[in-house]
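I have placed the structure first, in the form of structure tokens, so that the comments after it can refer back to it.
FYI, it's all coordinate maths here, none of it is from the lab. All values reported here derive from a predicted model rather than from experimental measurement. All Cβ positions, glycine included, derive from the backbone under ideal geometry; neighbour counts span all protein chains shown.
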Amino acid sequence: MEDYLYCKNLHEPIINVTKPEGKDENEWMLLNRKTVAMIRKFIDRSLFEYASNFTNAYELWSKLESMIQKKSPRNKAHLVRRLVKLVYKDSQNMIEHLNNFKGLVNKVTKAEMTIDNELQALLLLSSLPES
């Protein structure tokens with residue numbers, strides 16, 4: 001997400017607490033709102049309720065970072081539960097399903113848990129329909 005904000009030149013509001021010197025106030029407010037909107041567009045639905053009240057990109061980014069980077073047993077259990085319960089739906093595109101699976105595996109890895117290749121393969125196969 002951070003890389004995407006840099007590519008779209010929306011990164012300043014997440015790295016600056018206040019308006020940089022020399023930046024127009026209206027221009028800064030617009031950039032800040034665009035950044036908030038872009039972050040909300042891409043965050044997981046489970047985090048949206050926390051993001052909906054923020055209008056300052058720096059504060060929103062800080063809050064999401066603190067929530068996502070927590071490596072508590074509760075958060076780890078939540079990630080593992082989501083990975084184990086992931087199921088391919090007939091109406092879903094296979095690429096989308098694979099991206100969801102890989103995204104969850106990456107989140108589990110960031111939470112300092114290890115899932116070896118064999119277990120990943122078994123979890124992926126178990127998420128697919130029998131036929």
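Of the helices (runs of 4 or more DSSP H) entirely within region 54-131, those holding at least 3 residues that are within 30 Å of L30 (Cα to Cα) occupy 57-68. Among the residues of region 15-26, some residue qualifies, meaning at least one is part of a helix (DSSP H, G or I), touching a helix residue (DSSP H, G or I) at 6+ places or on another chain (Cβ under 8 Å) and either of a type outside the set (D, E) or surrounded by fewer than 16 Cβ atoms within 10 Å (Cβ to Cβ) (or both).
Picking from L119, L123, L104, which residue would you name as being in contact (Cβ under 8 Å) with a residue 40 or more places away in the chain, among the hydrophobic types (A, V, I, L, M, F, W, C) and over 20 Å from I14 (Cβ atoms)?
On inspection, the qualifying residue turns out to be L123.
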